[in-house]
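Reading through the structure tokens given below for one structure.
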Amino acid sequence: MIAAQAPSDITDSTQETLGLLRALRRRPARQRASNLAFWLYLAGLAIFSYGGWLVAAIVRALRHPPPPAADTPEVLHVAPAGLCVLAILLLAAQLWDARWRGPVTVTPPTADWLLDTPVDRGRLLRPRYRASAVIAAASGAVAGLVPAALLLAAGLGGTSLRHALALAGTAMLSAALLAGLGTGIAAWAQARPPAASLRAVRSAVAVLIAALTAVAVLSAALRLPPAAGTVLLWSGPWGWAAQGPLAMSGGSAPLWPAGTAMLAVAAVAAVLAGGHLAVRVPAATLRRSARAVGHMSAAMLNLDARRVTTAYRDVTGAYGRARCAVRPPLRRQLILPWRDLTALVRAPSRLAWSALLALAATGLGALAVRSPHAAVLTLTAALVFGYLAAAGLAEGARLDGDDPARAAQLPFRFQTLPWWHAVVPCLALALLIGGPATALAALTGHTRLLPLVAATIPVLVGGALVNSFRGQLEGEMFEGFDTPLGHSSGITILLWYVTGPLLAVGPMLILWDRAVNSSKAAPAIFVAVLAAGLAFWLGHIAQGRARRLRSA
Amino acid sequence: MTAGEQPLLALTAVSRSYGALQALKPVSLTLAAGQCVALLGVNGSGKSTLLRIAAGRDTPTSGRVSYLGRPLREDALVARTEIAVAGDVSSTYPDLTVQEHLLLVAVAHGAGQSAPGTVDDALAECRLSDHAAALPGALSSGQRQAMQLAAVLVRPRRLLILDEPEQRLDPGARRWLAGLLVREKDRGVTVLLATHHAELAEAVADKVIVLLDGDVIGHGPPAETLGGIR
């Protein structure tokens, strides 16, 4: 018989427990530290070997910042809204992180072996929260380099190294503070049971992102008065974070020290409040997030993005719910379009993301048409966003590509499925991109590019279908040979991931650039014909891939 | 339980739905100190859902759960010190031995100087003494199940909740499990278990509840209820 003590005898033994765990894991901890040091060494070596030219270019750009170009005033005009969008995207990323992991996490064994003991939760969880806050602030500082680099490249980095460093420094500081604020908010979200309040916050953030993006696009297209920018800069922490970099790049933010100070106060308050809230994170949430981290890490180690997505859905329960039904068709030709349509209406968030991406693509396309001499970047972004929208809409094809047995009962040959799966994404994109593009063209008079818009849609869908039928990541892809640029398997795996977007976006970028930079109507029709051929070719590639999947 | 005596655990009309699916229809259940209740039913009948609610690890869609007359919360200290749950552990520290895992639990529950002795006793009771220095990854599935039971034995407990503890145990180990649960009852520990083995339920339970599609289709003393079902 085991003589365990009675529950009422229990004394707080948190210190002994955590001390024992540390002592037991000392040797493995040393091993992990040496492993980490090795990986850091490898990362440093890789950066030095392959990124040396990039570092040199950055140093050159900092010492001699690029001078203002013709577009610089326009960039400065859009900067308040653009920086606000970037800032709120950083906050949104942290809220998304809180949905599946959050700043308060424990390892799966700790969740399973220590959470249902009387160990003091504060002493167990607060150190982990503090570590998350430090990591978030450091990551935020690194993320701050992105807007700084964009402003620098646009000729807004001043005239000397001192100016450029001041711009980079304020951007890094603002982003670090914003990340600290986000960590506190994420801890608050984690400490609450999954309820309507959290969903409401997420919805509010989504609306805010959409509104700010719309303002950014409108600022560029319609030249909103400067007062609109001022309102944005004082509309919340995202605006306070934008003020420092804006002021350093010559924009109008005269009270930027006050804005940055307000952001600092908010960040410190949020981090401190998060520390108190960390104790209140329910054990059920900690267990779920521990499981999530375990599953996601395993999926990431396999270098398989789809498994990462599946693991994410498993832990968040982010599967579509059957909210509405589409009546099944009587004609067999409509079965796959019906299935794809049903899948879309039952996952409204996927449809909403695709719509958002499609709108962003249209807006960026309009921007490129307005400023044709510097259209390559905006066109690339527009086509990538359009491709991502198409990929979201081609979810049915992806499922069939991942599991060919799923389509065994369909009255079609497997290799013809890509063509059937193209119907719904093409129609949806025609609505989501074609509609706004037609309206914009009617408003601005650029109707000559509409045939090209129409031809681009099947190309983007074709690229998405090529990727949908790529199959599973095979072990043999890790085999290969050494090259001066590293092992060939890295290139093989990269190509395996990006074949679809590369084949769709690359040629379309050339065609669009040519069309945008031509004032005559003929090239638009000519490139539209070329694009139609490209779409057909991509469909054939997807068909070939489907055939190989079936025979495998 | 005599009239006026407070039950240890009381579930009052608890139900659980996941979207449109009702996994558990309203069920009421009380457990007195030293009582053993066994839940029986096919896969998906709602046994594990009911256990998770009884342990405070899931919130019922309707109804309430009280422990010693107070609403049960998993994070409350009383739940962490008095309710032992087995069958929920899926991961282990890859670098700690079986003995070290158990030692950690014993120390966390305030065993202090007596922790090593308690752990040795639990290892012996669960026939794991020969594997004390093994890493969990080297154990068979049955031994891992025994390790989970040992983790329950090294900690104080007033209510023991077990989800299919007989899983992966051979017939001899199942007999040992039945003996162990009877001894727990004799010590005054209340036991709530879900099982697929009617024999185990008959051997240890004072009452069985049979579930089907989330609904109670039979309850009462084991011999009577199981005889009726058969």
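The values are calculated or read from the model by the stated rules, or taken from the named source; none is laboratory data. This is a predicted model, so every value here is computed, not measured. As a convention, Cβ positions derive from the backbone with ideal geometry for all residues, glycine included, and neighbour counts pool all protein chains shown.
May I ask you to list the residues in the range B:198-229 that are out of contact with any helix residue (DSSP H, G or I) (no Cβ under 7 Å at 6 or more places or on another chain) and either surrounded by 18 or more Cβ atoms within 10 Å (Cβ to Cβ) or closer than 22 Å to B:Gly34 by Cα (or both)? Walk me through how you get there before you give the answer.
First pass over the range B:198-229, keeping only residues out of contact with any helix residue (DSSP H, G or I) (no Cβ under 7 Å at 6 or more places or on another chain): B:199, B:206-207, B:209, B:212-217, B:220-221, B:224-225, B:227-229.
Within the range B:198-229, B:Glu199, B:Asp206, B:Lys207, B:Ile209, B:Gly214, B:Val216, B:Gly220, B:Pro221, B:Glu224, B:Thr225 meet the criteria.
Among the numbered conditions (1) among the hydrophobic types (A, V, I, L, M, F, W, C); (2) away from chain A (no Cβ under 14 Å); (3) in a loop (DSSP other than H, G, I, E, B), the only one that B:Ala133 does not meet is (2).
Total residues in the range A:106-143 satisfying the condition of being touching a residue at least 12 places away in the same chain (Cβ under 8 Å) and away from chain B (no Cβ under 14 Å): the figure is 14.
Restricted to the range A:1-80, the set of helices (runs of 4 or more DSSP H) holding at least 1 residues that are at pLDDT 80 or above and of a type in the set (S, T, N, Q) comprises A:14-24, A:26-50. Scanning the range A:251-305 for residues that are closer than 23 Å to A:Leu178 by Cβ, in a helix (DSSP H, G or I) and within 14 Å of chain B (Cβ to nearest Cβ) turns up A:Leu277, A:Ala278, A:Ser289.
Condition test on A:Thr456, is it surrounded by fewer than 17 Cβ atoms within 10 Å (Cβ to Cβ), at pLDDT 90 or above and in a helix (DSSP H, G or I)? No, not satisfied. Against the conditions (1) touching a Leu at 6+ places or on another chain (Cβ under 8 Å); (2) within 14 Å of another protein chain (Cβ to nearest Cβ); (3) hydroxyl-bearing (Ser, Thr, Tyr), A:Thr72 satisfies every one except (2).
To keep it simple, each residue is scored yes or no on (1) farther than 19 Å from B:Arg80 by Cβ; (2) part of a helix (DSSP H, G or I); (3) more than 13 Å from chain A (Cβ to nearest Cβ).
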| residue | (1), (2), (3) |
| --- | --- |
| B:Met147 | yes, yes, no |
| B:Ala151 | no, yes, no |
| B:Arg155 | no, no, no |
| B:Leu160 | no, no, no |
| B:Arg175 | yes, yes, yes |
| B:Ala178 | yes, yes, yes |
| B:Val182 | yes, yes, no |
| B:Leu193 | yes, no, yes |
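With respect to B:Ser114, is the statement that it is surrounded by fewer than 20 Cβ atoms within 10 Å (Cβ to Cβ) and over 26 Å from A:Arg291 (Cβ atoms) true? Considered against the rule, which asks whether it is surrounded by fewer than 20 Cβ atoms within 10 Å (Cβ to Cβ) and over 26 Å from A:Arg291 (Cβ atoms), B:Ser114 comes out as yes.
So for the range B:59-71 (the condition being hydrophobic (A, V, I, L, M, F, W, C) and crowded, with 22+ Cβ neighbours inside 10 Å), does at least one residue qualify?
At the first step, the residues of the range B:59-71 found to be hydrophobic (A, V, I, L, M, F, W, C) are B:65, B:68.
Next, from what is left, pick out any that are crowded, with 22+ Cβ neighbours inside 10 Å: none.
No, there is no match, as no residue in the range B:59-71 is hydrophobic (A, V, I, L, M, F, W, C) and crowded, with 22+ Cβ neighbours inside 10 Å.
Note on the range A:91-207: enclosed helices (runs of 4 or more DSSP H) holding 2 or more residues that are basic (Lys, Arg) are A:121-143. For the range B:113-123, the count of residues that are within 10 Å of chain A (Cβ to nearest Cβ) and among the polar types (S, T, N, Q) is at least one.
Residues considered: A:Ala43, A:Ala79. Of these, the only one that is of a type in the set (A, V, I, L, M), surrounded by 10 or more Cβ atoms within 10 Å (Cβ to Cβ) and in the same structural domain as A:Val119 (by TED's automatic domain parsing) is A:Ala79.
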